[in-house]
Amino acid sequence: MLTIISILFSACQKDFNTISVSQWHPSVAAPFFNTEVTFSDVIGSDSNIVNQNDSALVFVYHLDSILSVSADSLLQTNVQANYNYSFSLGILQIDNFNITDSVTVNDMLPLIDSNVADSLRKYDGKQNIFPDIRIKNSYESDLTGLDSYQQLTFSSGTIIINTRNSLPITIDTLFYNLYDIDNDTILKSVELSRIAPGTSRTNSINLAGISMSNNIQARITKFSGQATYPDSVLINLKEGLTFNLVTSNLQVVSGVARIPQQIFSEQKIMDFDFKHGEELNSLLFESGNINYDIKSSLGTKISVHMELPSALENNSIPSKDIQITSNGTTQGDWDLSNTTLDLTTDNSRPFNRFPITFSASLPENNQMVAFDSSNRFTANFKIQNIKLASVQGYLGQQNYIIDPDSVDINLDFLKKLKGELILDDPKLILSYKNSFGIPLQINTDFVAINSENGSRKNLNLDTISFLYPSTPGQSVNGTVTVDKSNSSIVDFLSLRPTQINFSGNVLTNPEGKHTDFVSRDAQFNADAEIRIPFILHANQLQFSDTISDLRISKDDFPIQSGSIQAKIINGFPFKIKIQLSFPDSISGQTLTTLDFGTIASALVDNNGKVTKAVLSKINVDITKDFFNKVAKANSGILHVETTTFNNGTVPVQLYSDYNAKVSVGFSATLKP
């Protein structure tokens, strides 16, 4: 009704000086104006007020990105996985060897009777009777060909000794020792008899626990053979005894040797130690690394090969090769960027675990290497600096804090109102887009603040759950409506807030285990829309406005006294009380007040919609000193108090086509 009264009062400034004396009469009565005011005229122009198809009015206010959750929140992790690998060199396999040595008759001639020796020399290469033969002193023959080692201590292994008689006579007695010169030990004592021509005898040595150098002799202490009399045979001084040593299954615990290639391999399970009950099936590293620290006390270089058999990087199983120097230490990082890791390969616990295959290779070495079974190789691995690009699996029940924030809100049409206002059906609609494949429950804390009076009101919103996609890469859109059934939004907005503070937390998987998925580019974002249908209760709701630059002089109005009469057919669903006061332009004190009385409310139905306009008649007397007082004012203050139908007990709905028809006239007694 502000517009109505403004029109009324501006009309009162009609230039009465244009009335000539000849036209002037002591008393005059005349219609002033007839007008129709719609509710659109009352509310004026406001881009936030929407006129719906049925002319119902709704105040709409948008708040962008009032709630947001980034993938960083859900993918943040300081988890690490550690793995320690250690082995002693232990038992080594070495290559078998096969050596042969011969002792000829010619070698033994200096040790036998000189006459026998001369006879053998005489008939070398000829047919003759081979004489009796016997050595008088021991004969030492160095075994050659043991050049793959210098010293070995065996844990197992066997030497097969084959002694062959290549002479044309039967050897009656043969005693010899296999002697280790460097260790001054007898490896084997062999005693043989009655070895027929062209035949062999076999003996063996169990090497378990034996240390053996490569400086070995066959020491013959007894040798005798029968003459072939009366038979003649071919005498060949290059024939004699043949010693053949063949080894098998050689395993050593220490020594100095040329080590053949050795490969030690092991597969271990690494376990992510999550803190919130996560059970992940797979993850993709945006970045991260396996930090390794490898130490070796082996006297040879080592080649290390590592694989993550359940992972893929560019469609290949990621691997790492590292070279360790003799008695060396190597540290470094294995980059896991863009690596996808399957965490379900352990059937006993198909989550959070992945295998790592580790192999250490001692390459074949042509140089002599000192080694011992106690030599150790240790490797420590630690996955660190993890930044995840995506995860799948159960992310656990975790609380993520929504950073507190605030937004200024401009509800001008409410800020002007004083008194009791109850909005009947306001709504806060959260429109969201969610690409997190995880159930989310958000607990919010919305607080309305009126900065003018310092009052605060909590929205008291119930916990909110949101729709989520079922397939990675998809997004879902949805809305959540906050109304008086699930919150205190009526009181929240009736506070006439100038600012809304909000904070809260996000709970993942509120119902328990679920196969979640989250990627780095996923997000949750919600915009808010405050919708306030003009359905309200109001009791003595007040607003005021100032009519500025008011210039009224008593000379402008040759009126001694009078009155303003108005007929108002009110189609608005509230009664209106109107006063117009005039403050002193200097002191601000009220000089005089015009009371326009009460305009009765239109009648409404059960839905709060106007069914019938109601007529009200208003008469306002103007006393003779009114203009004297008004002349001291340069403004007028319009006070309006409204109460909705039935003293504010019935909610009413406002439509833009509601109207009030106003007819105004005046009567006056003019100055003579």
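The values are calculated or read from the model by the stated rules, or taken from the named source; none is laboratory data. A quick note: this is a predicted structure, and the numbers were derived from the prediction, not measured. For neighbour counting, all protein chains shown are included, and Cβ atoms are generated from backbone atoms with ideal geometry for every residue, glycine included. Please note that ligands, DNA and RNA were not included when accessible areas were found on the heavy atoms of the full protein model with its side chains. Shrake-Rupley method; radii C 1.70, N 1.55, O 1.52, S 1.80 Å.
Here are a few things to note about the model shown:
- Only one of 243, 264 that is aromatic (Phe, Trp, Tyr) and open to solvent by less than 30 Å² (accessible area, probe 1.4 Å): 243
- Residue identified as in a helix (DSSP H, G or I) and of a type in the set (D, E, K, R) among 462, 491: 491
- Every listed requirement among (1) at pLDDT below 80; (2) in a strand (DSSP E or B); (3) surrounded by 15 or more Cβ atoms within 10 Å (Cβ to Cβ); (4) not hydrophobic (A, V, I, L, M, F, W, C) is met by residue 40 save one, (2).
- Residue within region 421-443 that is open to solvent by 40 Å² or more (accessible area, probe 1.4 Å), modelled with pLDDT under 90, more than 24 Å from residue 524 (Cβ to Cβ) and assigned to a strand (DSSP E or B) present: yes
- Residue in region 343-357 that is open to solvent by 70 Å² or more (accessible area, probe 1.4 Å), touching a Leu at 6+ places or on another chain (Cβ under 8 Å) and in a loop (DSSP other than H, G, I, E, B) present: no
- Picking from residues in region 142-151 that are within 20 Å of residue 238 (Cβ to Cβ) and in a strand (DSSP E or B), the one that is most open to solvent (accessible area, probe 1.4 Å) is 142.
- Among (1) modelled with pLDDT of 75 or more; (2) β-branched (Val, Ile, Thr); (3) under 60 Å from the mean Cα position of the chain (by Cα) - the single one residue 640 does not satisfy: (1)
- Checked against the criterion of being aromatic (Phe, Trp, Tyr), under 60 Å from the mean Cα position of the chain (by Cα) and assigned to a strand (DSSP E or B), region 152-165 contains one or more residues that satisfy it.
- Count - residues of region 504-534 that are open to solvent by 30 Å² or more (accessible area, probe 1.4 Å) and in a strand (DSSP E or B): 8
- Residue under evaluation residue 288, criteria (1) touching a Phe, Trp or Tyr at 6+ places or on another chain (Cβ under 9 Å); (2) open to solvent by less than 20 Å² (accessible area, probe 1.4 Å); (3) not aliphatic (A, V, I, L, M); (4) not in a loop (DSSP other than H, G, I, E, B), criterion not met: (1)
- Subset of region 48-77 (residues that are open to solvent by 50 Å² or more (accessible area, probe 1.4 Å) and either closer than 30 Å to residue 362 by Cβ or assigned to a loop (DSSP other than H, G, I, E, B) (or both)): 52, 53, 54, 76
- Consider region 608-658 and keep the residues that are among the acidic types (Asp, Glu) and either open to solvent by less than 70 Å² (accessible area, probe 1.4 Å) or touching an Asp or Glu at 6+ places or on another chain (Cβ under 8 Å) (or both). The one that is nearest to residue 589 (Cα to Cα) is 625.
- Only a single criterion out of (1) surrounded by 15 or more Cβ atoms within 10 Å (Cβ to Cβ); (2) closer than 18 Å to residue 135 by Cα is not satisfied by residue 191, namely (1).
- Test: residue in region 377-392 that is closer than 30 Å to residue 151 by Cβ and surrounded by fewer than 20 Cβ atoms within 10 Å (Cβ to Cβ): yes
- When 154, 130 are checked against the criterion of being out of contact with any His (no Cβ under 7 Å at 6 or more places or on another chain), surrounded by 19 or more Cβ atoms within 10 Å (Cβ to Cβ) and under 20 Å from residue 238 (Cα atoms), 130 stands alone in meeting it.
- Among residues that are polar (S, T, N, Q), more than 18 Å from residue 156 (Cα to Cα) and either free of Cβ contacts under 8 Å to residues at least 60 places away in the same chain or touching a helix residue (DSSP H, G or I) at 6+ places or on another chain (Cβ under 8 Å) (or both), residue 199 is included.
- Those residues of region 82-141 which are farther than 30 Å from residue 380 by Cβ, of a type in the set (Gly, Ala, Ser) and not in a loop (DSSP other than H, G, I, E, B), in sequence order: 102, 114, 117, 119, 141
- Restricting region 539-576 to residues that are within 30 Å of residue 652 (Cα to Cα) and touching an Asp or Glu at 6+ places or on another chain (Cβ under 7 Å) leaves a set whose member that is modelled with the lowest pLDDT is 541.
- Some residue of region 91-111 being under 30 Å from residue 353 (Cα atoms) and within 60 Å of the chain's Cα centre (by Cα): no
- Single condition residue 80 does not satisfy, out of (1) open to solvent by 40 Å² or more (accessible area, probe 1.4 Å); (2) at pLDDT 80 or above; (3) more than 30 Å from residue 237 (Cβ to Cβ): (2)
- Filtered by the rule that a residue be in a strand (DSSP E or B) and within 25 Å of residue 89 (Cβ to Cβ), region 323-333 gives 323, 324, 329, 330, 331, 332.
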